[in-house]
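The next block holds one structure in the form of structure tokens; read it before the comments.
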Amino acid sequence: MIGVRNDVAVVTPSHDLDAAASELLREALADAVRDHRHVIVDMHAAPTIDSAGLSLLVRAYNDAKARGGTLSLAAPSRYVVTVLHTMKLHQIFAVYPDVDAALLVRQLETETSASAGPIQ
């Protein structure tokens, strides 16, 4: 469920983000946030989400942010995007069409911050 690409943890749930999957996903997200500064949740195999799944994502996002990291979402279904918009969470999470796009943005942000020197 957790892979690493370019020093970024990629958590890939294999089914819906709901109460039935919450314990396994909670552990995977907690491990990813603890061990990596940046986490991407690859949601391509999770067509639906309920309040338990939203709660897990928000908790992991807050934990990542508290550690100076990020948590973003890749490949959410149309249903998940609708739920995020309804709950106004689209303003919180960075959402990308796929993992590669999320990794590219992370790489560009890293390169930009590394090349930016002090302002004189």
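The numbers here are math on the coordinates, done by the rules we state, and not lab data. Keep in mind that this is a model prediction, so the values were computed, not measured. So basically every Cβ, Gly included, is an ideal-geometry build from the backbone, and we count neighbours across all protein chains shown.
Equivalent ellipsoid of segment 1-60: semi-axes from √(5λ) of the C-alpha gyration tensor, largest first, are 19, 12, 9 Å. Ordering His90, His44 by the number of other Cβ atoms within 10 Å of each residue's own Cβ, fewest first, gives His44, His90. Going from the residue with the fewest nearby Cβ atoms within 10 Å to the one with the most, Ser51, Ser22 rank Ser51, Ser22. Directionally averaged projected area (segment 2-113, Cα convex hull): 6.2 nm².
Counting beta carbons within 10 Å around each of Thr110, Thr86, Thr12, Thr70 and listing the fewest first gives the order Thr86, Thr110, Thr12, Thr70. In this structure, the amide hydrogen of Val41, modeled 1.01 Å from its nitrogen in the peptide plane, lies closer than 5 angstrom to those of Val11, Ser72, Leu73, Ala74, counting only residues at least 5 positions away or on a different chain. Computed extension length for Leu24-Leu108: 27.1 nm, one decimal, from 0.36 nm per residue of separation with the Cα-Cα distance subtracted.
Beta bridges assigned by DSSP with both partners in segment 2-113 are antiparallel in approximately 25 percent of cases.
Say we join alpha carbon atoms closer than 10 Å with springs in a Gaussian network model of the chain; which of Leu29, Leu71, Leu108 then has the biggest fluctuation? Checking each option, the largest mean-square fluctuation is seen for Leu108.
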